[in-house]
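Chemist: Sharing a structure here in structure tokens format.
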2 protein chains.
Amino acid sequence: METEANGASENAGRVMDGPTNPMVTPLLTDLYQFTMAYAYWKAGKHNDRAVFDLYFRKNPFGGEFTVFAGLEECIKLIANFKLTEEEISFIRKSLPGSCEEGFFSYLREIDCSDVEVYAISEGTVVFPKVPLLRVEGPVAVVQLLETPVLNLVNFASLVATNAARHRLVAGNSKMLLEFGLRRAQGPDGAIGASKYCYMGGFDATSNVAAGRLFGIPLRGTHSHAFVSSFMSPDEILDRSLCSSDGSSTCEDFVSLVQSWLSKIQWSKPLSGIFGETNQSELAAFMSYALAFPNNFLALVDTYDVMRSGVPNFCAVALALRDLGYKAVGIRLDSGDLAYLSSEARKIFHTIEKEFGVPGFGKMSITASNDLNEETLDALNKQGHEVDCFGIGTYLVTCYAQAALGCVFKLVEINNQPRIKLSEDVSKVSIPCKKRCYRLYGKEGYSLVDIMTGENEPCPKVGERILCRHPFNESKRAYVVPQRVEMLLKCYWHGKSDKVREELPALKDIRDHCIKQLEQMRPDHIRRLNPTPYKVSVSAKLYDFIHFLWLNEAPVGELQ
Amino acid sequence: METEANGASENAGRVMDGPTNPMVTPLLTDLYQFTMAYAYWKAGKHNDRAVFDLYFRKNPFGGEFTVFAGLEECIKLIANFKLTEEEISFIRKSLPGSCEEGFFSYLREIDCSDVEVYAISEGTVVFPKVPLLRVEGPVAVVQLLETPVLNLVNFASLVATNAARHRLVAGNSKMLLEFGLRRAQGPDGAIGASKYCYMGGFDATSNVAAGRLFGIPLRGTHSHAFVSSFMSPDEILDRSLCSSDGSSTCEDFVSLVQSWLSKIQWSKPLSGIFGETNQSELAAFMSYALAFPNNFLALVDTYDVMRSGVPNFCAVALALRDLGYKAVGIRLDSGDLAYLSSEARKIFHTIEKEFGVPGFGKMSITASNDLNEETLDALNKQGHEVDCFGIGTYLVTCYAQAALGCVFKLVEINNQPRIKLSEDVSKVSIPCKKRCYRLYGKEGYSLVDIMTGENEPCPKVGERILCRHPFNESKRAYVVPQRVEMLLKCYWHGKSDKVREELPALKDIRDHCIKQLEQMRPDHIRRLNPTPYKVSVSAKLYDFIHFLWLNEAPVGELQ
């Protein structure tokens, strides 16, 4: 997706596309970022060098892992961060009239040429407290970035995680389609969901705009309205269909279907199962097959799945087969999906046997009615014959937990470490500009993430290192890593000459995410009672955190 | 917001802005709308005249009302609905290669000049089953509109309803601020939330982009990071502050604040309450006050609300007062908001009395930590001193219910009424192109909504009319309306000469919404066990629904 023309070595004149949504501008921020920028400027502090960490405190959906997403959009925002004159006028109107004109001249100058962003690569499995992004730069500029960057990471990571969870419960053999556009939280709630569900392991989307923007495979056939828009087969005027190999033409496809329908209805093993089918539905199926003879997939629950939808589908599929076409399958959008998919599968097998149609039993069955992790899990337990799931509302709105709580905390200013205290220990921030590593054990699984101060030596393979819980003094363990992965890499370096990471294509991020999940120890990612993954700090950082904490906290007085 | 230059009578050359988000294009739809369009076109049915109703089946959040929102964006989409060549090329690539070229020529021609939209006015309180929009036009075109229109209405109505519910529990005297940008579902999940929360009764937003796009009042001061970015008052170099009336200049504002701080600390009624305050916080407050002497509002919970934040705030506020400025107040972002707001209020009153500072007790208190309907309700029950609530995550992501289930159902084609059946009665659609009325009783409250066939006479004031539940034959009631309101009005009429409704300004929609809620019978909108509002059909429509139902449903066979 990255259309940047220049390599990492060409820093001057770097060109990068802006964020996908043109509404993502420097004004997509909280007003207080501008009031603070003014106060920093007024105090002469606006260029103080600040380091902020972006991290979350708790994994979503009751799980013990999160998929990090949204980085590409953040970097595109940062690369193009520049206020227009019109935006500056609006800010002037929005701030008190007493603000000095010099501030607006300053706003006119700012960009991210003095900002550095280190980040974990997009699509990586991540855990609480570890910085996903570390943003360093002039305090006023980095503050302006806080809100849009949080916005771009929070939902992206939430919905990518949701998709990954759906994939884990559905299994790798099933096709997963994202159908959420109509119920998503606004237009790019939908477009973002399509992008990040694909990243998290979905196979395709129904959302045409997302298909175009991101190259995601598209899927879709027809709706109930299509079925009920037909009254009867008499409406079908052009009834001819050329055979698949072009060798002959069936002049009356309608009659061919109708003769198959009566053969099915009166065949011994099926007699009594099918009554009279709905003629409006039959007409719709025939019309759809005439339009897409190679892609016939029918929604079979408009009237009655077993009495009407399935026999109508089979009649059309058998007629298509006479002409050399292979029907795709059916979609179920209501009712007991475990039962209906199994019953439909039985009919397909019966037809394969009764009419000698090899492969008919393997007809694809898609299910799509308000599915979520729980219903997928329940279907697995009941047994079903669904090959493909279309998932919408619960997936794209993250219905089970509609927000991820990423925060953006100041950890250092002018080389002075800063801490944010709270009566709730889980809300105390981890100070200092840090390095973050993932340590792997003998079996190839990752064992623990560790944060160290910037100047501490890198953990070494084969050397014992003490990993401490940042806030619980009794929780600590020695680890001898078999592999050490540096988590934070440079994705933006302003004007400097450092080499920075390229932004990978969406498909590559998706592959990385799928591989990451495969490499996780299964108990960390299971649905029920997952084991928390360990996140630690070095002994040196531990001591420093607690020194700073005592230093900043007021001493109480009992009265 | 409507920038249309022409009046309702000038139909030719009508100009209307497109949707707020430029990503809302005709491609923001499900692929199946295009596959169906092709199948309709191939069957020669694409210009069949279809009527679709957009409605929902259940009110959100366990309530018994919904605020309808999103209409303006729908009309802007429809008014500008036209596929570009690039979009058509993408559709060609996305459909099977067998699709005939004539279809793409057809796509090139389509727009909404033959589409009519009747809708309930935006901001109206609405109920299940009643169409919010009725879209009529060529079936293939109206199908293409289905997905984007659902997307634009679903979240808009959900979040406007959520905002209205927060307003109802907070009461009219409190200031409500929307602070959700960082946690919203993507960039325009946030911008949409800001727009529709304002519509639903919020007073302002923190989202600068939404302020610019929609003219919503903006609010914001500073964050914890601002507080911890300061080390000590020594950092403050320019310490002078001109008095409010310009008559004098205080050369050392820092010393003035520090002298007030020790006065507070050693004053009799306060001694022992305050210990030594945090100097980094004090420096931040002084800097903010120097930047915004007329708008001093301090976040007081970075270190310790009562031991540090409140006394530091009071010292700065009293120093500002010496120079003729009036501080605004404090913000609490953690802890027990009921307790802390009450304790802070006591301190403000004590200072008013002790130092003879009239009005100091009325200092504004804002609260903003993960608030939602439940926590607002709990605060009300506990008693609190908060004047203003900043609400984010739970409001904008509609955490309590992240999606509204609006559907778009075919109710008539070529003047033939259509019904969608389901084993779940609540999912059966109400057929026919309908008219919808709201009937009001003697006390001014609305009694019932009624749907009739298009050609039935309008209910008349003072005349008895039978209102029937659409699916439960025993539920029916006679009503003698004192006022009859026609709910569906024409908002788009393609090329015809009919007068259409203007799209009102956002502020006017907000006023309409607030008025609507005031006019509801209180038991329909209360939080606990609200009474369902009655939605009915005329006797004639009732009979027709059930005739059609029997006609379409297959007869089962018990075996």
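The values are calculated or read from the model by the stated rules, or taken from the named source; none is laboratory data. Bear in mind the structure is a predicted one, so any value in this text is a computation, not a measurement. When we count neighbours, we look across all protein chains shown, and the Cβ atoms used for this are built from the backbone with ideal geometry, even at glycine. Accessible surface is based on the protein model in full, side chains and every heavy atom, while ligands, DNA and RNA are left aside. Shrake-Rupley method; radii C 1.70, N 1.55, O 1.52, S 1.80 Å.
Chemist: For residue B:55, indicate whether it is open to solvent by less than 30 Å² (accessible area, probe 1.4 Å), among the hydroxyl-bearing types (Ser, Thr, Tyr), closer than 27 Å to residue A:205 by Cβ and more than 8 Å from chain A (Cβ to nearest Cβ).
Modeler: yes
Chemist: I'd like to know if the range A:471-488 contains one or more residues that are surrounded by 13 or more Cβ atoms within 10 Å (Cβ to Cβ), over 33 Å from the mean Cα position of the chain (by Cα), among the β-branched types (Val, Ile, Thr) and not in a strand (DSSP E or B).
Modeler: Checked the range A:471-488: at least one residue is surrounded by 13 or more Cβ atoms within 10 Å (Cβ to Cβ), over 33 Å from the mean Cα position of the chain (by Cα), among the β-branched types (Val, Ile, Thr) and not in a strand (DSSP E or B).
Chemist: Moving on to the next point. Looking only at residues in the range A:58-88 that are in contact with a Gly (Cβ under 8 Å, 6 or more places away or on another chain) and closer than 18 Å to residue A:197 by Cα, which one is nearest to the other protein chains (Cβ to nearest Cβ)?
Modeler: A:69
Chemist: Next question. Are any residues in the range B:351-377 more than 23 Å from the chain's Cα centre (by Cα) and open to solvent by less than 40 Å² (accessible area, probe 1.4 Å), and if so, which ones?
Modeler: So in the range B:351-377, the residues more than 23 Å from the chain's Cα centre (by Cα) come out as B:351-365.
Listed by number, the residues that qualify are B:351, B:357, B:359, B:360, B:361, B:363, B:364, B:365.
Chemist: Filter the range A:222-239 down to the residues that are β-branched (Val, Ile, Thr) and at the interface with chain B (Cβ under 7 Å from one of its Cβ atoms) and list them by number.
Modeler: Step one: list which residues in the range A:222-239 are β-branched (Val, Ile, Thr), which gives A:227, A:236.
Within the range A:222-239, just A:236 meets the criteria.
Chemist: Condition first: within 23 Å of residue B:414 (Cβ to Cβ) and without any contact (Cβ under 8 Å) to a residue 60 or more places away in the chain. Now tell me which residues in the range A:211-230 satisfy that.
Modeler: Correct list: A:225, A:229, A:230.
Chemist: Does residue B:508 count as open to solvent by 30 Å² or more (accessible area, probe 1.4 Å) and either assigned by TED's automatic domain parsing to the domain that holds residue B:50 or at pLDDT 95 or above (or both)?
Modeler: Yes.
Chemist: Pairs, please: C-beta under 9 Å, at least 6 apart or cross-chain, first residue open to solvent by less than 50 Å² (accessible area, probe 1.4 Å) and in the range A:96-125, second at pLDDT below 95 and of a type in the set (Phe, Trp, Tyr)?
Modeler: none
Chemist: Here is a further query. Just give me the residues in the range A:196-209 being buried (at least 24 other Cβ atoms within 10 Å of the Cβ) and either within 17 Å of residue A:389 (Cβ to Cβ) or more than 9 Å from chain B (Cβ to nearest Cβ) (or both), in sequence order.
Modeler: Scanning the range A:196-209 gives A:196, A:197, A:198, A:199, A:200, A:202, A:205, A:206, A:207.
Chemist: Out of all the residues in the range B:266-291, which are surrounded by fewer than 21 Cβ atoms within 10 Å (Cβ to Cβ), more than 9 Å from chain A (Cβ to nearest Cβ) and closer than 14 Å to residue A:553 by Cα?
Modeler: Passing the criteria: only B:279.
Chemist: For the range A:175-195, enumerate the residues that are within 19 Å of residue A:368 (Cα to Cα) and within 7 Å of chain B (Cβ to nearest Cβ).
Modeler: A:181, A:182, A:183, A:184, A:190
Chemist: Scanning for something of a type in the set (A, V, I, L, M) and assigned to a loop (DSSP other than H, G, I, E, B), does the range A:28-41 turn up at least one residue?
Modeler: Start the filter on the range A:28-41 by keeping residues that are of a type in the set (A, V, I, L, M), which leaves A:28, A:31, A:36-37, A:39.
Filter again for assigned to a loop (DSSP other than H, G, I, E, B), leaving A:28.
Within the range A:28-41, one or more residues are of a type in the set (A, V, I, L, M) and assigned to a loop (DSSP other than H, G, I, E, B).
Listed here are the residues, each with its yes/no results for (1) in contact with a Ser or Thr (Cβ under 7 Å, 6 or more places away or on another chain); (2) within 29 Å of residue B:26 (Cα to Cα).
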{"position": "B:153", "(1), (2)": "no, yes"}
{"position": "B:158", "(1), (2)": "no, yes"}
{"position": "B:161", "(1), (2)": "yes, yes"}
{"position": "B:168", "(1), (2)": "no, no"}
{"position": "B:176", "(1), (2)": "no, no"}
{"position": "B:182", "(1), (2)": "yes, yes"}
{"position": "B:188", "(1), (2)": "no, yes"}
{"position": "B:194", "(1), (2)": "yes, yes"}
{"position": "B:209", "(1), (2)": "yes, yes"}
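Chemist: Of the conditions (1) in contact (Cβ under 8 Å) with a residue 60 or more places away in the chain; (2) under 23 Å from residue B:356 (Cβ atoms); (3) open to solvent by 10 Å² or more (accessible area, probe 1.4 Å); (4) out of contact with any Ser or Thr (no Cβ under 6 Å at 6 or more places or on another chain), residue B:298 clears all except one; give me its number.
Modeler: Among (1) in contact (Cβ under 8 Å) with a residue 60 or more places away in the chain; (2) under 23 Å from residue B:356 (Cβ atoms); (3) open to solvent by 10 Å² or more (accessible area, probe 1.4 Å); (4) out of contact with any Ser or Thr (no Cβ under 6 Å at 6 or more places or on another chain), residue B:298 violates only (3).
Chemist: Please work out which residue is farthest from the other protein chains (Cβ to nearest Cβ), limiting yourself to the range A:32-44 and to residues that are open to solvent by less than 10 Å² (accessible area, probe 1.4 Å) and in contact (Cβ under 8 Å) with a residue 12 or more places away in the chain.
Modeler: A:37
Chemist: Those residues that are outside any helix (DSSP H, G or I), touching a residue at least 60 places away in the same chain (Cβ under 8 Å) and open to solvent by less than 40 Å² (accessible area, probe 1.4 Å), I need them from the range B:378-400; list them, please.
Modeler: Applying the first criterion (outside any helix (DSSP H, G or I)) to the range B:378-400 yields B:383-392, B:397-400.
Next cut, touching a residue at least 60 places away in the same chain (Cβ under 8 Å) only: B:386-392, B:397-398, B:400.
Listed by number, the residues that qualify are B:386, B:388, B:389, B:390, B:391, B:392, B:397, B:398.
Chemist: What are the residues in the range A:527-553 that are free of Cβ contacts under 8 Å to residues at least 24 places away in the same chain and either farther than 29 Å from residue B:301 by Cα or surrounded by 18 or more Cβ atoms within 10 Å (Cβ to Cβ) (or both), if any?
Modeler: Of everything in the range A:527-553, those that are free of Cβ contacts under 8 Å to residues at least 24 places away in the same chain and either farther than 29 Å from residue B:301 by Cα or surrounded by 18 or more Cβ atoms within 10 Å (Cβ to Cβ) (or both) turn out to be A:528, A:529.
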